[in-house]
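S.K.: Below: one structure in structure tokens.
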Amino acid sequence: MPETVPLPDEVIAAVRGARRVLVLTGAGMSAESGIATFRDAQTGLWETFDPSQLATHEAWVDDAAFVWAWYAWRIRLLGDAEPNAGHRALADLAAHREVSVVTQNIDDLHERAGSRVTAHLHGSLLELRCADCHEPYADQPALPDAPVERLSPESCPACGGEVRPGVVWFGEMLPQEAVQATEDAIEALEPGDVCLVVGTSGIVYPAAGYPAMALAQGATVIEVNPDESGVSDMCHHVVRGTAAHVLPALVAAVAQS
Ligand code: BJW
């Protein structure tokens, strides 16, 4: 039986009173779907490596087979994962309020739960492309049945280059259309609207700056995270619980109104 999360009345009232809800999600959103958070993703073969060093163009250039083995295994794990109750609650919320979901996550669990995602700020694990000519790679990559230390990346049919995951690594620019869509969603917020910040450490920019931008628009900023994050201090309300526990309770309370 899941523990009950006490939801402050002000949090329920804020979402009830909002016309628009901007939801900013991070890796914690998918943790209860069995997808390890970014900073917990280092298990087994990769546990001695700093993920922020692996998720870089430099790491790819240095040893693409090592980096691709990490991503290929994560693609395999995502195929076995399902949206959790938190993803489904956010999809349900769209029946009651105008909802924009902006995610840093590279999985497709919001979409599979039924949400229309405004922006995938850090790209997609499933959209592969050539590292050289940037052509999208449409074929299914060969995935290992168990973690392997090295795996040769697929070859680009257009130029023979190495195929990389369509994610945004540190030091790379975010997709311009995702940034623009996010800024448009933030600018649409008015006093009385809500920004829900779910399951992010709040340390990776520019995403970590978006709650402050929502605050500047006059929105009520609410964090859902079992632990303190880099943005906790600036939130109006903090709910210390997990996405799959808190969000269904919150959306049920809003739906009753
Ligand atoms: C739960 C839970 C449960 C657990 N329920 N919650 C300004 C200042 C300083 C630096 C910069 C700056 N602007 C740009 C930078 C540089 C850099 C940056 O931010 N560095 C900081 C680390 C200091 N940013 C960039 O390079 C970005 N590019 C850019 O800005 O381009 C312009 C530019 C270029 C060059 C120089 C300057 C500007 C690109 C960032 C790309 C991030 N990519 C990654 C990897 C994607 C691929 C992959 O996954 O392998 O994206 S990094 C990684 O971090 C991943 C995530 O999306 C991202 C955020 O992680 P997140 O979601 O917060 O996850 P965790 O694991 O850290 O935290 C999980 C949280 O969940 C925790 O809080 C838990 O408590 C919680 N949780 N269980 C709810 N059940």
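S.K.: Go through Ile203, Ile222, Ile186 for me and flag whichever is assigned to a strand (DSSP E or B) and either under 17 Å from the mean Cα position of the chain (by Cα) or surrounded by 14 or more Cβ atoms within 10 Å (Cβ to Cβ) (or both).
M.R.: After ruling out the rest, the residue left standing is Ile222.
S.K.: Mind checking which residues of segment 225-249 are aliphatic (A, V, I, L, M), surrounded by 15 or more Cβ atoms within 10 Å (Cβ to Cβ) and free of Cβ contacts under 8 Å to residues at least 60 places away in the same chain?
M.R.: Within segment 225-249, Val231, Val238 meet the criteria.
S.K.: In segment 235-251, what residues are away from the ligand (no atom under 13 Å from the Cβ) and either in a loop (DSSP other than H, G, I, E, B) or closer than 18 Å to Ala214 by Cα (or both)?
M.R.: His236, His237 - these are the residues of segment 235-251 that are away from the ligand (no atom under 13 Å from the Cβ) and either in a loop (DSSP other than H, G, I, E, B) or closer than 18 Å to Ala214 by Cα (or both).
S.K.: For Pro153, state whether it is in contact (Cβ under 8 Å) with a residue 12 or more places away in the chain, more than 15 Å from the chain's Cα centre (by Cα) and either in the same structural domain as Arg116 (by TED's automatic domain parsing) or away from the ligand (no atom under 16 Å from the Cβ) (or both).
M.R.: No, not satisfied.
S.K.: Can you tell me which residue in segment 163-205 is farthest from the ligand (Cβ to nearest atom), limited to those that are within 30 Å of Gln140 (Cβ to Cβ) and in contact with an Asp or Glu (Cβ under 7 Å, 6 or more places away or on another chain)?
M.R.: Only one residue tops the list, namely Val163.
S.K.: Please name all residue pairs, on different chains or six or more residues apart, with Cβ atoms under 6 Å, provided the first residue is in segment 76-104 and is farther than 20 Å from Pro211 by Cα and the second residue is among the charged types (D, E, K, R).
M.R.: Hits for this filter: Leu78/Asp107; Pro83/Arg112; Asn84/Glu32.
S.K.: Restricting attention to segment 30-43, does a residue exist that is modelled with pLDDT under 95, within 12 Å of the ligand (Cβ to nearest atom), more than 25 Å from Pro226 (Cα to Cα) and in a helix (DSSP H, G or I)?
M.R.: Among the residues of segment 30-43, not one is modelled with pLDDT under 95, within 12 Å of the ligand (Cβ to nearest atom), more than 25 Å from Pro226 (Cα to Cα) and in a helix (DSSP H, G or I), which makes the answer no.
S.K.: Please count how many residues of segment 113-170 are β-branched (Val, Ile, Thr) and within 30 Å of Leu22 (Cβ to Cβ).
M.R.: The total comes to 4.
S.K.: Separate question: If only one of Arg116, Arg150, Arg129, Arg112 is basic (Lys, Arg) and under 24 Å from Ala14 (Cβ atoms), which one is it?
M.R.: The conditions single out Arg116.
S.K.: Give Ala13, Ala27 a once-over and let me know the one that is at pLDDT 95 or above and crowded, with 19+ Cβ neighbours inside 10 Å.
M.R.: Of the residues listed, the single one that is at pLDDT 95 or above and crowded, with 19+ Cβ neighbours inside 10 Å is Ala27.
S.K.: While we're looking at this one, here's another question. Out of everything in segment 206-219 that is assigned to a helix (DSSP H, G or I) and more than 14 Å from the ligand (Cβ to nearest atom), what residue ends up being farthest from Pro83 (Cα to Cα)?
M.R.: Here the residue is Ala216.
The values are calculated or read from the model by the stated rules, or taken from the named source; none is laboratory data. If you're wondering where the values come from, they're calculated on a predicted model, not measured in any experiment. Neighbour counts are summed over all protein chains in view; Cβ atoms, including those assigned to glycine, are modelled from backbone coordinates with ideal geometry.
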